[in-house]
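Engineer: Have a look at the structure that comes next, please.
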Amino acid sequence: MHGFLVLLGVLVLVFLLFNILPGDPARLMMGQRVNQKSLDIIHKDMGLDEPVYNRFLLYLNDLSPVSVYNEKDLTSHIYLDPEKYSHAVSLFHFTLNRSLVLKFPYLRRSYQSRKKVSDIISSALPNTAVLAFSAIIIASLIGIIMGIIAALFKDSVYDKVSIILSVLGLAGPSFFTGLIIAWIFGHVLRQYTGLNITGNLFIMDADGNKILQLKNLILPALTLGIRPLAIIVQLTRNSMLQVMTKDYIRTAFAKGLSLRAIVMRHALKNMLNPVITAISGWFASLIAGAVFVEYIFGWEGIGKNIVDALGTFDMPVIMGIILVTSALFVIINILVDILYGVLDPRVKV
């Protein structure tokens with residue numbers, strides 16, 4: 001229920017923000033010299049001739065999987081156009097013209113390319129998901145190992161160095177860190193690293209076949225993972241320090257168990273909850289916040305798409321990406337709540 005309210009709040013705010021701003025999307029799409037008759041046709045097609053509250057209701061109707069549509073009147077704003085609404089199934093008829101329809105959510109079309117926003121997102125989201133997943137895996141593995149070692153050797157040189165590095169990693173903005181990493185590893189040391197500043201996961205060969213290029217993932221994933229890595233190191237260290245002072249840990253030491261056995265069997269599972277919270281939150285943030293990293297490294301994901309859409313004021317694309325990323329936030333948080341119940345029986349799902 002809370003997730004639904006969050007999505008509804010995001011929907012209302014985003015819709016109002018992009019519908020009360022000055023500027024005519026139709027004129028932006030067609031250019032300044034378009035005639036008034038053509039503008040009127042475009043306004044009608046995009047529903048821009050309706051009041052704001054009507055446009056909001058029409059947008060809700062398009063987003064909802066269960067909606068009301070007109071199957072006969074071609075001039076109606078709620079006409080069930082098969083080119084817009086794929087796999088639509090009529091459930092029952094209210095009147096001769098209006099029906100309750102089950103369909104996939106419709107995110108409108110891009111003002112610039114006239115492609116479906118859902119198609120734009122579906123082609124870009126996997127690239128962003130791969131980048132975010134790779135970044136969080138790198139950050140989690142390195143961060144948890146570094147944090148555990150720092151806690152076990154508290155106040156050592158390694159502990160102090162790891163804290164300094166994590167603070168520096170957290171302090172550096174993604175766009176600045178990305179430029180530095182791209183310059184050092186993709187330009188200065190390129191003859192040794194063989195890494196490119198720009199490139200995607202797949203490239204096309206001369207015969208039109210896709211070739212996997214994992215090396216193009218290294219620099220953007222490393223850049224995107226630095227900030228969550230810094231957080232995970234500090235959280236793991238602090239959580240491990242707290243767990244190691246518990247009575248059951250002292251008992252385990254008294255029984256003669258090795259440090260490795262105590263950490264792996266007893267301490268690790270009990271210190272993971274705050275770390276999992278950070279990992280889950282950062283994973284959702286990485287999907288939404290990969291804008292600068294994707295733009296710097298030329299990665300074809302939703303971050304680069306939203307930058308291009310902002311440059312042309314392509315509202316349907318911007319709104320669609322924001323709504324999809326918000327939905328991912330909610331879904332990931334629900335999955336984390338379920339995971340809490342698996343890891344800690346004291347937590348009720």
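The values are calculated or read from the model by the stated rules, or taken from the named source; none is laboratory data. Given the structure is predicted, the values throughout are model-derived calculations rather than measurements. Every residue, glycine among them, receives a Cβ derived from its backbone with ideal geometry; neighbour counts consider all protein chains shown. For the accessible areas, the whole protein counts, side chains as well, though only heavy atoms, and no ligand, DNA or RNA atoms are used. Shrake-Rupley method; radii C 1.70, N 1.55, O 1.52, S 1.80 Å.
Engineer: Scan the range 118-174 residue by residue and report those that are not acidic (D, E) and not in a helix (DSSP H, G or I).
Structural biologist: In the first step, residues of the range 118-174 are kept if they are not acidic (D, E); the result is 118, 120-154, 156-158, 160-174.
Once the filter is applied, which keeps residues that are not acidic (D, E) and not in a helix (DSSP H, G or I), the range 118-174 yields F153, K154, S156, G172, P173.
Engineer: Follow-up. Mind listing whichever residues of the range 1-43 are at pLDDT below 70 and of a type in the set (K, R)?
Structural biologist: The answer is R27, R33.
Engineer: Okay, moving on. Pairs under 7 Å by beta carbon, first residue within 22 Å of T236 (Cβ to Cβ) in the range 272-294, partner of a type in the set (S, T, Y) and open to solvent by 30 Å² or more (accessible area, probe 1.4 Å), six or more apart or different chains?
Structural biologist: Cβ pairs passing all conditions: N273/Y340.
Engineer: Pairs under 8 Å by beta carbon, first residue in contact (Cβ under 8 Å) with a residue 60 or more places away in the chain in the range 119-134, partner open to solvent by 20 Å² or more (accessible area, probe 1.4 Å) and of a type in the set (G, A, S), six or more apart or different chains?
Structural biologist: Going by the 8 Å Cβ cut-off, the qualifying pairs are I120/S113.
Engineer: So, one more: Sort out which residues of the range 279-299 are over 12 Å from the mean Cα position of the chain (by Cα) and surrounded by fewer than 17 Cβ atoms within 10 Å (Cβ to Cβ), and write them in order of number.
Structural biologist: G298
Engineer: Tell me, which strands (runs of 3 or more DSSP E) lie completely within the range 61-113 with 3 or more residues that are touching a residue at least 12 places away in the same chain (Cβ under 8 Å) and either at positive phi or surrounded by 15 or more Cβ atoms within 10 Å (Cβ to Cβ) (or both)?
Structural biologist: Numbers: elements: 66-70, 89-93, 98-102.
Result: 66-70, 98-102.
Engineer: Still on this structure, I have one more. Only one residue in G199, G169, G147 is on the phi > 0 side of the Ramachandran plot and crowded, with 18+ Cβ neighbours inside 10 Å. Which one? Can you show your working first?
Structural biologist: On the way: G169 fails: on the phi > 0 side of the Ramachandran plot; G147 fails: on the phi > 0 side of the Ramachandran plot.
Among G199, G169, G147, only G199 is on the phi > 0 side of the Ramachandran plot and crowded, with 18+ Cβ neighbours inside 10 Å.
Engineer: Still on this structure: Take the residues of the range 223-278 that are among the hydrophobic types (A, V, I, L, M, F, W, C) and not in a helix (DSSP H, G or I): which is surrounded by the most Cβ atoms within 10 Å (Cβ to Cβ)?
Structural biologist: Our first condition is that a residue be among the hydrophobic types (A, V, I, L, M, F, W, C); within the range 223-278, this holds for 224, 226, 229-233, 235, 240-241, 243-244, 249, 252-254, 257, 259, 261-264, 267-268, 271-272, 275-276, 278.
Those left that are additionally not in a helix (DSSP H, G or I): 244, 257, 271.
Details: M244: 19, L257: 15, M271: 25.
In this case the residue turns out to be M271.
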